[in-house]
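In what follows, a structure is listed as structure tokens, so that the remarks can point back to it.
The values are calculated or read from the model by the stated rules, or taken from the named source; none is laboratory data. Remember, it's a predicted structure, so these values are computed and weren't measured experimentally. Note: ideal-geometry Cβ built from the backbone for every residue, glycine included; neighbour counts use all protein chains shown.
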Amino acid sequence: MNTKIELIKEIYQLKDDDLEKRKEALEKIKPYANDIMDKFYEKLLSKDIFASFIPIDRIPELKEKQIKFVVALLSEPFDEKLYNKIAKVAVVHYHIKLDPIYMSYGYHLLSELILELSKKDISLLPYIKLIVKYLKITDAVMSEEYFAQKRLSESPYRANNLFIAINELHMAFMRYKKAIKNYTIDEKYKIEFENSLDGLKEYREILLEAGLDISVIKHFATEFFNNHDIKSYETLKNAIQTPLNNLSVTSYLTLDSSLSSIRAMTDIIHQRIVTNDKNLNLEKVKQNIFDIMGQNFGWAIEKIEFLDYEPNNSYEIIKHLIFEDKIFFLCIDIKNVANKLYITESVDLLNEAIKITLYIISRQK
């Protein structure tokens, strides 16, 4: 598990069983959500500093996003996925140059408005305390990630953003490709892909420097959805993959992937990040493996598949894995990019770490 998450759990004494309590708390305050948000923006806009940058015409949209964010905070496990969701909001605030003191004030104000509910119904107080606790955690995470982004932007290693952004883009496209049938794709997968592209807006400038234009990619995705032909698909695919022909970009990504995979091997073997979920099952193991591959080599992987039968040799990497006496095969193909031989070896080593960890866990059980 991420060290930051472990530290937060320790500092705020988070318990594994509080998810159900958070969901219960969410149900208790749902009837008051719109009223709280109305008061929240009313109070913010009464202050000149907030009125100067909050667009009045977007307040309904902002209210909806705020409610969705709080719903996620109270209904999802506090894990890396939720942490990253909070961190992304902090990164967005950094890029719009919003001082973190205003973020903290917003969480303070929201907490006060929620606490006021206890005056109407004292029985809500235990639920309100839990909600306010998670708002304080969110404030702490956002402050941490805001300043981490600031340090990164001011350092010579800002290009690390390029690695993150290109990885996320290629993993989103990999999921998108899997949903294509006969050059046709369901609208929900198109929307999911577009949402992934929207999530990369904060990296827009650095992606442009590498030859990737999010608006152009979105346009080609729409054309493919409308035309559903091979020409439209190849145009979309080339818009995403052509920058990988740039040797300087690929060399940088290869180096970053290698360093990242070394850190991942440590986490896999020592922190057991593939198998540290209490409610672990085979599907969760596969998802964890998919996430690890994506986080470290998303830009370089052409295809990832999990098979229940032994495949032929058409895949470049095949790993025979065992989890709780269940045998399955991890099959991976690597894109035709510069340094492909080196990348294939690195991916293979990362998979060996996963294989060894799964074997040890299975023997222990």
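May I ask you to list the residues in region 1-39 that are acidic (Asp, Glu) and closer than 16 Å to Leu130 by Cβ?
Selection gives Asp16, Asp17, Asp18, Glu20, Glu24, Glu27.
Is there a residue in region 99-108 that is closer than 18 Å to Asp198 by Cβ, hydrophobic (A, V, I, L, M, F, W, C) and in the same structural domain as Leu44 (by TED's automatic domain parsing)?
Checked against the condition, which is being closer than 18 Å to Asp198 by Cβ, hydrophobic (A, V, I, L, M, F, W, C) and in the same structural domain as Leu44 (by TED's automatic domain parsing), region 99-108 yields no hits at all.
Would you pick out the residues in region 62-83 that are without any contact (Cβ under 8 Å) to a residue 12 or more places away in the chain and exposed (fewer than 14 other Cβ atoms within 10 Å of the Cβ)?
Glu64, Lys65, Lys68, Lys81
Inspect all residues belonging to region 242-253 and state whether any of them is closer than 17 Å to Ala165 by Cα, buried (at least 19 other Cβ atoms within 10 Å of the Cβ), in contact with a Phe, Trp or Tyr (Cβ under 6 Å, 6 or more places away or on another chain) and at pLDDT below 90.
yes
Would you be able to tell me the number of residues in region 184-243 that are outside any helix (DSSP H, G or I) and either in contact with a helix residue (DSSP H, G or I) (Cβ under 9 Å, 6 or more places away or on another chain) or of a type in the set (Val, Ile, Thr) (or both)?
8
Between Tyr12, Tyr41, which is crowded, with 16+ Cβ neighbours inside 10 Å and aromatic (Phe, Trp, Tyr)?
From the options Tyr12, Tyr41, the qualifying one is Tyr41.
Only one of these is closer than 17 Å to Val141 by Cβ and of a type in the set (Gly, Ala, Ser): Ala25, Ala72. Name it.
Only one candidate passes the filter, namely Ala72.
For Ala300, indicate whether it is modelled with pLDDT under 85 and under 19 Å from the mean Cα position of the chain (by Cα).
Against the criterion (modelled with pLDDT under 85 and under 19 Å from the mean Cα position of the chain (by Cα)), Ala300 does not qualify.
Any idea how many residues of region 124-150 are more than 21 Å from Ser75 (Cβ to Cβ) and either surrounded by fewer than 19 Cβ atoms within 10 Å (Cβ to Cβ) or at pLDDT 85 or above (or both)?
5
Looking at Ile96, Ile59 in this structure, which one is more than 30 Å from Lys284 (Cβ to Cβ), exposed (fewer than 15 other Cβ atoms within 10 Å of the Cβ) and free of Cβ contacts under 8 Å to residues at least 60 places away in the same chain?
Just a single option satisfies the conditions, and that option is Ile96.
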